[in-house]
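Below you'll find the structure, written out as structure tokens, and then a few comments.
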Amino acid sequence: KQEVTQIPAALSVPEGENLVLNCSFTDSAIYNLQWFRQDPGKGLTSLLLIQSSQREQTSGRLNASLDKSSGRSTLYIAASQPGDSATYLCAVYFTGNQFYFGTGTSLTVIP
Amino acid sequence: DTGVSQNPRHKITKRGQNVTFRCDPISEHNRLYWYRQTLGQGPEFLTYFQNEAQLEKSRLLSDRFSAERPKGSFSTLEIQRTEQGDSAMYLCASSFPFGSYNEQFFGPGTRLTVL
């Protein structure tokens, strides 16, 4: 059974700090990996999608990397801001039409 | 608004009642997904459609759950004989598998409370 794990479960950083969120998955046979942001009580907002053939994707202050062989992805957030406070989720689309989310990392950026 | 929409946003029901949720995907997206999310957890995949065909169903989707997408546009998720354990946020997403590489876009969710 495929699994997706996110570490840490919660993270608190001062404003302006750079930070890294981790996502690991148990099977390298993936189609893509997608990072989302979720604010309390809300739906999910797509941040970045990395195809299985790609190593990284960038959008503004966000950079996501993918290492399929080791089953890992990281989301790097540069110069964090209080508005970045949210739960960050990674989702893996495994081949065979299996979609799995991690449990998320709750990020708090302290002004 | 051209995003994914879900109705209702909140539903409170008594145990044993049936409930139905609706999802309207982004218009050009031919894939539609349903997920369930409980507090503190990531979304759990329930089922997905490509056009009107239901292609995959999770083991989480018990016999009390049924989903339809009759014309390949909007979808409904029905829960029969609701139980307190069905209380959760039900999320819908849509995607277009080509070009955007199946990037999923989510609606705001329907929060179900079973009393």
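The values are calculated or read from the model by the stated rules, or taken from the named source; none is laboratory data. Everything numeric here is computed off the predicted structure, so don't read it as measured data. All Cβ positions, glycine included, derive from the backbone under ideal geometry; neighbour counts span all protein chains shown. Accessible surface is based on the protein model in full, side chains and every heavy atom, while ligands, DNA and RNA are left aside. Shrake-Rupley method; radii C 1.70, N 1.55, O 1.52, S 1.80 Å.
Accessible surface calculations at 1.4 Å, restricted to protein heavy atoms, place chain B at 51 Å² per residue. The mean sequence distance of close C-alpha pairs (under 8 Å, at least 6 residues apart), as a share of the length of the stretch B:4-115, puts its relative contact order at 37 percent.
Among A:Ala64, A:Ala78, A:Ala91, which one shows the highest mean-square fluctuation when chain A is modelled as a Gaussian network with alpha-carbon springs under 10 Å? Maximum among the listed residues: A:Ala78. What residues in the stretch A:89-111 lose 40 Å² or more of accessible surface when the other protein chains are added to their chain alone (1.4 Å probe)? Checking the loss per residue gives A:Asn97, A:Phe99, A:Phe101, A:Thr103. The alpha-carbon of A:Lys68 sits under 24 angstrom from the alpha-carbons of these lysines, leaving out residues fewer than 8 places away in its chain: A:Lys1.
For the set B:Asp63, A:Asp39, solvent exposure ranked by accessible area (probe 1.4 Å, protein chains only) runs largest to smallest as B:Asp63, A:Asp39. The alpha carbon centroids of the stretch B:1-70 and the stretch B:90-110 are separated by 11 Å. The B-A contact accounts for approximately 1700 Å² of buried accessible area, totalled over both chains at a 1.4 Å probe radius. Within the accessible surface of chain A, defined with a 1.4 Å probe on protein heavy atoms only, the carbon and sulfur portion equals 48 percent. Only lysines eight or more places from A:Lys42 in sequence, or on another chain, were considered; those with a Cα closer than 17 Å are B:Lys11.
Within the set of other residues whose C-beta is less than 13 Å from the C-beta of A:Thr45, count the net charge using Lys and Arg as +1 and Asp and Glu as -1. Could you put the intermediate results ahead of the total?
On the way: positive: A:Arg37, A:Lys42; negative: A:Asp39, A:Asp84, B:Glu103.
Net charge around A:Thr45: -1.
Bridging of B:Lys71 to lysines at a Cα separation below 23 Å is possible for B:Lys57, once same-chain residues fewer than 8 apart are set aside. Per residue, the accessible area of chain A comes to 45 Å², computed with a 1.4 Å probe over protein heavy atoms only. Of the listed residues B:Ser27, B:Ser66, the order by accessible area with a 1.4 Å probe, largest first, is B:Ser27, B:Ser66.
The accessible surface of chain B, taken with every protein chain in place and a 1.4 Å probe, is 47 percent carbon and sulfur.
Using a probe of 1.4 Å on the protein chains alone, the accessible area found for B:Glu83 is around 90 Å².
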